[in-house]
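Following: one structure in structure tokens, then a few remarks.
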Amino acid sequence: MKRTARAYWSGTIKEGNGELTPQSEVLNKTKFSFKTRISEDEKDTNPEELLAAAHAGCKLILEAVLSVIFQI
């Protein structure tokens, strides 16, 4: 299975912002910026948060597969 995403960035690294949309468009035009990486107050997401969510989803699938294989 091949998945893709689109990302758009406008402005400088420190002052700019961007939007990303995965192929499924579930997170259509999700906003992100450099500020979200260093501030707890920002409401937009950041790449690390998205990676953590993807990791958690993969872990759930792995647990499901292992439970079938080992009949847990």
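The values are calculated or read from the model by the stated rules, or taken from the named source; none is laboratory data. Since this is a predicted model, take the numbers as computed values, not measurements. Here the Cβ positions follow ideal geometry from the backbone for every residue, glycine too, while neighbour counts run over all protein chains shown.
Structural remarks
- Selection of segment 1-37 for residues being over 15 Å from Leu50 (Cβ atoms), exposed (fewer than 11 other Cβ atoms within 10 Å of the Cβ) and of a type in the set (Lys, Arg) yields Lys2, Lys14.
- For Glu42: the one exception among (1) surrounded by 10 or more Cβ atoms within 10 Å (Cβ to Cβ); (2) outside any helix (DSSP H, G or I); (3) within 12 Å of the chain's Cα centre (by Cα): (3)
- Any hit, segment 45-57, residues being over 14 Å from the mean Cα position of the chain (by Cα) and either among the aliphatic types (A, V, I, L, M) or loosely packed, with under 10 Cβ neighbours inside 10 Å (or both): no
- Screening Leu27, Leu66, Leu60 for residues that are modelled with pLDDT under 90 and either part of a helix (DSSP H, G or I) or hydrophobic (A, V, I, L, M, F, W, C) (or both) leaves exactly one candidate, Leu27.
- Qualifying residues in segment 1-24 (those that are part of a loop (DSSP other than H, G, I, E, B) and aliphatic (A, V, I, L, M)) - the one modelled with the lowest pLDDT: Met1
- Scanning segment 35-46 for residues that are out of contact with any strand residue (DSSP E or B) (no Cβ under 7 Å at 6 or more places or on another chain) and closer than 14 Å to Glu19 by Cα yields Lys35, Lys43.
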